[in-house]
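Since the structure comes first, as structure tokens, the remarks are kept for the end.
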Amino acid sequence: MSIQRRKVTVIGTGFVGASIAYTIAARHLAYELVLIDINSEKAIGEASDISHALPVFGSMDINAGEYKDVKDSDIIIVTAGVNRRPGETRLDLAGKNVAITKGIIKEVMKYYNDGIFVVVSNPVDVLTTLITKWSGLPASKVIGSGTSLDTIRFKQSLYSLFNVDVKDLNAVVIGEHGETQFPFWSQANIAGTPITEIKTIFGQKLTEDDMTDIAETVKTSGAQIIKNKGATYFGVASAVSDIVDSILNNKNAVLTVGMNKDEIYGYKDVAMSVPRVVGAEGIVRDLEIILTPAEEELLKKSAENIYQITKEFVE
């Protein structure tokens with residue numbers, strides 16, 4: 001990867017793609033940003049709008065482009081797809097977005113010559129596995145945003161409860177980005193103090209009811225936001241920009257992201273989120289995690305859920 005060039009391409013300029021592009025610009029993570037959308041006028045408009053903020057953020061080349069412009073990208077972010085509609089099953093949504101994404105990857109690979117894919121489109125766990133297969137790239141170079149957003153929501157809930165700086169909250173959500181996700185309570189801590197052992201150190205005791213409420217809030221907050229305003233995009237933009245930051249600046253940050261695994265708990269082709277080290281070459285390694293028996297059963301359930309959808313599309 002050329003650290004000096006720092007080129008990022010965003011495919012899909014809906015609410016999520018445009019917010020990701022804006023956040024990358026605001027954090028000045030790249031020197032060149034390309035926006036691609038089937039609606040070329042939308043891509044042009046978003047590129048122009050973001051460019052008007054550059055006098056505040058700093059110089060950057062931002063342009064609407066075509067698939068040929070993915071050449072020399074350090075990162076290719078895939079956000080294109082449709083949203084789940086009332087009455088649709090996850091399989092219905094998967095079928096639509098698998099077809100859309102397969103066409104995108106076919107076009108991208110005509111011009112691809114390097115770089116790392118960051119998958120944001122839903123169902124993200126399924127599409128991470130499929131893009132790995134369609135592209136033929138090593139699994140480490142196709143990163144699913146996975147539960148990185150859910151982890152941010154988890155930390156926000158803990159912040160609201162304990163009122164401590166979020167940088168001192170070491171807590172993640174693992175598993176599926178969906179119904180079977182769960183907070184990794186046994187390893188969550190505040191500045192090294194296990195959260196489950198905290199009594200009144202921070203003026204607040206964590207109860208079983210708190211844990212249940214927080215887990216449910218984290219899992220359902222996206223749906224609530226969609227109900228209130230139609231879409232959720234600022235949170236995921238922040239999560240994805242952290243992934244971009246760790247890749248472009250080779251930070252080797254520990255992030256809860258997905259990667260296609262050959263086998264996990266007996267299930268093949270499951271891109272499930274666990275803490276992983278992310279750097280300039282993509283996913284550097286998985287962290288060894290110690291699960292309680294109950295957490296292991298929850299993770300197996302996540303693997304089963306992801307597998308059941310993914311198997312419908314793996315050729």
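We did not get these values from a lab; they are worked out from the coordinates using the rules stated. Keep in mind that this is a model prediction, so the values were computed, not measured. Please note: Cβ atoms are built from the backbone with ideal geometry, for glycine as well, and neighbour counts cover all protein chains shown.
Each 5 Å bin from 0 upward holds the following percent of the Cα-Cα pairs of the range 148-310: 2, 8, 16, 21, 20, 18, 11, 4, 1, 0.
Only helices enter the 222 nm calculation for the chain: every DSSP H run of n ≥ 4 contributes -39,500 (n - 2.57), and dividing by all residues gives -13500 deg cm²/dmol, rounded to 500. Projected over all directions and averaged, the alpha-carbon convex hull of the range 7-144 occupies 7.9 nm². For Lys102 and Val164, the FRET efficiency from 1/(1 + (r/R0)^6), where r spans their Cβ atoms and R0 equals 51 Å, is about 0.70. The slack in the chain from Tyr111 to His52, taken as 0.36 nm per residue of separation less the alpha-carbon distance, amounts to 18.3 nm. From the alpha carbon centroid of the range 128-155 to that of the range 15-93 is 18 Å. Remark on the chain: ratio of C-alpha radius of gyration to 2.2 N^0.38 Å is 0.98. Here is the tail figure for the range 84-180: Cα pairs spaced more than 23 Å apart come to 40 percent of all pairs.
Sites listed here are trypsin sites (Lys or Arg not before Pro) in the range 110-165 whose DSSP assignment is loop and whose Cβ has at most 12 other Cβ atoms within 10 Å: Lys110.
Helix screen, the chain: DSSP H segments with Cα axial length of 18 Å or more and mean Kyte-Doolittle hydropathy at least -0.5 are 90-108, 148-162, 234-248.
Applying 0.36 nm per residue to the separation of Val254 and Met211 and subtracting their alpha-carbon distance, the gain on full extension is 13.1 nm. Since only Gly146, Leu91, Val119 are under comparison, the one whose Cα sits farthest along the positive direction of the charge dipole of the range 14-151, derived from C-beta charges on Lys, Arg, Asp and Glu, is Leu91. Along the axis of the charge dipole computed for the range 31-95 (Cβ charges of +1 for Lys and Arg, -1 for Asp and Glu, origin at the Cα centre), the listed residues Val56, Asn39, Ser73 are led at the positive end by Asn39. Is any residue of the range 24-41 close enough, with backbone N under 14 Å, to a label point placed 7 angstrom from the Cα of Ser59 along the Cα-Cβ axis, and if so, which? Backbone N within reach: 31-32.
Any idea what the relative contact order of the range 148-310 is, in percent, if you count C-alpha pairs under 8 Å spaced at least 6 apart? Relative contact order of the range 148-310: 22 percent. Extension gain for the segment Lys268 to Ile44, taken as residue separation times 0.36 nm less the Cα-Cα distance, is 76.6 nm to one decimal. Within the range 108-150, what residues put their amide N at less than 19 Å from the label point 7 Å along the Cα-to-Cβ vector of Glu304? So the set is 126. Can you list the GluC sites (Glu not before Pro) in the range 37-94 that are in a DSSP coil and have 14 or fewer other beta carbons within 10 angstrom? Here the sparse-neighbourhood loop sites are Glu66, Glu88.
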